[in-house]
Structure formats: C-alpha cells, structure tokens
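The values are calculated or read from the model by the stated rules, or taken from the named source; none is laboratory data. Remember, predicted model here, so these are calculated numbers, not experimental data. Neighbour counts are summed over all protein chains in view; Cβ atoms, including those assigned to glycine, are modelled from backbone coordinates with ideal geometry.
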Amino acid sequence: MNRLRRRPRDERGATTVLVIGFAGVLLALVVAVVDGSAAYRQRQSLTTLAEGAALWAADAGAQGREVYLRGVTDAPLEQTASAARAGVAQYLRATGAVADHPGLASQVRVSGDRVEVRLSAPADLPLTFPGLDVTGRVAATGVALVRPE
Amino acid sequence: MPRPRDDRGTAVVEFVWLGLLLLVPLVYLAATLMRVQAGAFAADTAARAAGRAYALAPDDASGERAARAAAAQALRDQGLAEVPVRVAISCTPDPGQCHQGASVITVRIEAEVDLPLVPVLLGDGAAAVAVSSRHTVPIGRYVAVGSPG
C-alpha cells in the first residue's frame, strides 16, 4: 500500500485516449463529407426536376387564352397561370418525383411570360451523428419561358 | 528500493496496435468512400451531359452517339476513364421517337468503381461498387415541323 502511493504517476494508456480521439475526429469528418455530398446530389436531382418541370409547364402554359388573344410575336409567349401549374403537377407525377423524393413540396410562380418552379424536399442524409438530430430541407429552382423562333 | 516501472516506449506500442486496429481501417473506409463518391458525382455529371447531348441532337441515332460520347467524356474528366459504364436511354410516350414534341427523355448511367488497394490477384472487379444516376429532360412541346426524327 505504502509503496503504491509512492509510485510516480503512470502514463500508460495516455496514447490510447489520443488515438481514439483521432479516430473520433476522422469518423466525424467522414459523416460530414458523406452527408454533405448526399445533400449536394439531392439538390442536383431536384434542380434537374425543377428545370424539367419549368420547361414542361412553360410549354403547357403557353397554350392558353393569352396567346390566342395576343397572338405569337417574337416576344416570349404569355403564360396562363392555371395551365402552367397543372403542367408542373403533371410533370412531377409523370416522372415519379414524389416517390424519389418523399415529402416533396413544389411552389410555382407565374409572372407574365416566366414560369418559376421551386422544389424542396427534406434532406435525406445517410449518416447521422449519434444523439444529434439534423434536419433540413434541400431546395432547387428552375425557370423557363417559351420564345418563338 | 525497487525501481519504478519505466513508461518509455509504451506510447509507441499503444500507438502501433491501436493505429492498426482503428486508424488503418478508418482511413481505408474514408478512402473507399471518397472513391465511391467520386464515382457517384461522375455518374451524375455523365447523366446530365448525356441527357443534354441527346436532347440537342437532331435525331435519335445521332443523339445516342452524342450521349455516349458525352457520358464517356464526363467520366474521363472525373478520372474514371477505365471503369465499365452502361448508358441506357429511354423516353416517353413513344420510345421509338424520342425527338418528337412532348417527349420526355430519361438517361440512366450505371458504372462500377473499383475499391482502392484490392490486390489484382483477386481478379478484375472483385471488389467494385456500382454507382448509378438518372437524368430526365423533356424535349420542348414545340418542335419544328419537318425536323428529322
């Protein structure tokens, strides 16, 4: 007992803590990188979808009353808001977007000759930090207009 | 008086065995993930480029050639020139005529990424991860009458 007390402090095991710490940092970095690129890919996918939906909707919206009344000139065709909105919904249904991105929300803004589609979906992160609840949404925007040539 | 136990050298021993046990697999995991991610990004870019090339081509046959060339170029740009890749193009509503109005083209890229540091002895593609990507692009509803396709 007496001898134990006089023994100088033992340093064995100190490196273990250090290495485990390194491993923890590395693991956290891996999680961050994997999640970051998953979110990036999801945004790419949403951008594609938004661009396609905007194009499709602009085509659909350019078939409405406004074009018939004002005629076709060199200017971009006037959009019919209701037809454009219906076009977005139809495109998203046809491409199976809702199945690919659960919780997909779309927002369509039609102003004159422009159709703007904004899509957002909850971020689908493959890895999570234990005990850390990260939620967020990924959003993308696509704009289209129809210009007769 | 007994000499206190010397701690010199124990750090090295701990570092070596813990490093082998923890850090080496973790670094390998990170390297593998990076490689797979590079493959996934490359597949995304390739699908995007191929879809665009296909949609811009005047007809289906030249579109197919352009799409394959674009996909191969995109993969080469990401340092994946050697990987086996499959480009599948389909379209709705008429799969035989993708360049007519109102058609929606879907390009699917499937590639295989080899894992790093797997000995050649195990054979080619013994340890490979499949990456894939899908890109959907609508052809405009207004296509010039008389255009081939």
Test: residue in the range A:40-49 that is more than 30 Å from B:GLY9 (Cα to Cα) and among the aliphatic types (A, V, I, L, M): yes
Pair list, Cβ under 7 Å, 6 or more apart: the range A:55-71 residue closer than 26 Å to B:ILE105 by Cβ and within 11 Å of chain B (Cβ to nearest Cβ), other residue outside any loop (DSSP other than H, G, I, E, B) and β-branched (Val, Ile, Thr): A:ALA57/A:VAL88; A:ALA57/A:VAL108; A:ALA57/A:VAL115; A:ALA57/A:VAL117; A:ALA58/A:VAL115; A:GLY61/A:VAL110; A:GLY61/A:VAL115
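Let's see how each residue does on (1) over 27 Å from B:VAL24 (Cβ atoms); (2) at pLDDT 85 or above; (3) in contact with a Lys or Arg (Cβ under 8 Å, 6 or more places away or on another chain); (4) not in a helix (DSSP H, G or I):
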| position | (1), (2), (3), (4) |
| --- | --- |
| B:THR45 | yes, yes, no, no |
| B:PRO58 | yes, yes, no, yes |
| B:GLY63 | yes, yes, no, no |
| B:ALA71 | yes, yes, no, no |
| B:ARG76 | yes, yes, no, no |
| B:ASP94 | yes, no, no, yes |
| B:GLU110 | yes, yes, yes, yes |
Identify, from the list A:LEU18, A:LEU92, the residue that is of a type outside the set (D, E, K, R), more than 7 Å from chain B (Cβ to nearest Cβ) and closer than 21 Å to B:THR106 by Cα. A:LEU92
Count, please, the residues in the range B:53-65 that happen to be within 14 Å of another protein chain (Cβ to nearest Cβ) and in contact with a strand residue (DSSP E or B) (Cβ under 7 Å, 6 or more places away or on another chain). 2
Quick one: would you say A:VAL30 is under 20 Å from A:LEU127 (Cα atoms), within 12 Å of chain B (Cβ to nearest Cβ) and exposed (fewer than 12 other Cβ atoms within 10 Å of the Cβ)? no
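Residue-by-condition table, conditions (1) among the β-branched types (Val, Ile, Thr); (2) under 14 Å from the mean Cα position of the chain (by Cα); (3) under 23 Å from B:VAL36 (Cα atoms):
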site: B:TYR54; (1), (2), (3): no, no, no
site: B:ASP59; (1), (2), (3): no, no, no
site: B:ALA71; (1), (2), (3): no, yes, yes
site: B:ARG76; (1), (2), (3): no, yes, yes
site: B:ALA81; (1), (2), (3): no, yes, yes
site: B:ILE89; (1), (2), (3): yes, no, no
site: B:GLY96; (1), (2), (3): no, no, no
Taking only the range A:92-138 into account, find how many residues are of a type in the set (S, T, N, Q), farther than 29 Å from A:ARG65 by Cα and within 15 Å of the chain's Cα centre (by Cα). 2
Can A:ASP113 be described as surrounded by 17 or more Cβ atoms within 10 Å (Cβ to Cβ), of a type outside the set (A, V, I, L, M, F, W, C) and away from chain B (no Cβ under 12 Å)? yes
